[in-house]
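The values are calculated or read from the model by the stated rules, or taken from the named source; none is laboratory data. What you see is a predicted model; the values in this text were computed from it and never measured. For neighbour counting, all protein chains shown are included, and Cβ atoms are generated from backbone atoms with ideal geometry for every residue, glycine included. Calculation scope for accessible area: heavy atoms of the full protein, side chains included, ligands and nucleic acids excluded. Shrake-Rupley method; radii C 1.70, N 1.55, O 1.52, S 1.80 Å.
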Amino acid sequence: DAGTYTAEVVNKLGTSSCSTELQVAESTEDLWIQPEWCIVGGLVGKPMKKKEKEEEGTPKDAEPPKEPEPAGTEPKRTRSLFDENLRKHFVAKEREEARIEVTFSEDVPDEVIWEQMGKAVQESKTKGISFEREGNTFALVIKDATMKDAGEYVCIARDKWGSNKQAFRLTMKKGGVRKLAKPEWFLTPESITVTKGTAAKFYAEVDSAPAPTVDWTHNKKTLQGGGLYTIEHKGRVYKLEIGKVTEREAGDYKVIAHNSMGEITSDFKLTLK
């Protein structure tokens, strides 16, 4: 069956023909490819072997060319910033330091934000909350943790590619028996000057065993919470807040901390502009 075959078309205006060649091969590798088209008068181009045709074009196994990314587009992050072997559960004793640490695998984020129960955690000397960093490890530190500090915390790491989140749990346990000790100041109130009609806030931080009783006095009179005065504490941080200050509230103040082991005091002043 091998040979040359010709197709001829005839009408009253003339004749047109097209020829092709058929070859019989022992294997598919030796097959010849028929020319893809022809015109009046004969063949266009010459027959090619199948192997030659594939070599001229793109190989079947070749990867398609990658489209370039638009100008100004930053590469997207393909993995989490957080280390795979993160510790996600932390335990601390009441009235002791609590630490939640997070380590980043390689890239250090531009910004690290901590949240507790959906609210951002802020650094605060009065509350004993601080943020620390050593290399790729960041920590949320609560100096004098209480049972209220227990719960879920979320660390949010942000950089130019986006943000990652990681949840942590802090479990608080009741503290053990502490050695008896008289009160000791960690922070004493500072004298301040405020504008008439504004609020004034004073903070004191004290520790002792057993826990101290803390009193606030104004011109030698002990203050009671309620109304104009708000007296409260969290852990070992105590606060006195005076609402709208007038000439009557100006003067000398004292904070007194005492327990069965002893007593300490600290004086401060409130003045008006």
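At a glance:
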| item | result |
| --- | --- |
| Alpha-carbon Debye profile of segment 187-272, log10 I(q)/I(0) at 0.19, 0.23 Å⁻¹ | -0.81, -1.15 |
| Accessible area per residue, Å², segment 107-187 with all protein chains present, probe 1.4 Å | 63 Å² |
| Entries in 143/174; 125/201; 125/160; 234/269; 221/269; 127/239 that, when Cα-Cα distance is taken, lie over 20 Å | 125/160; 234/269 |
| Share of carbon and sulfur in the accessible heavy-atom surface of segment 189-273 [1.4 Å probe, %] | 48 percent |
| Surface accessible to a 1.4 Å probe, residue 172 within the full protein complex, Å² | 20 Å² |
| C-alpha center-to-center spacing [segment 210-231, segment 99-166] in angstrom | 34 Å |
| Contour minus Cα-Cα distance for residue 160 and residue 10 (0.36 nm per residue) | 46.7 nm |
| Label point 7 Å beyond Cα of residue 181 along Cβ direction - residues of segment 130-155 with amide nitrogen under 15 Å | 143-145 |
| Sorted largest first, extent of segment 112-271 alpha carbons per principal axis (Å) | 57, 43, 28 |
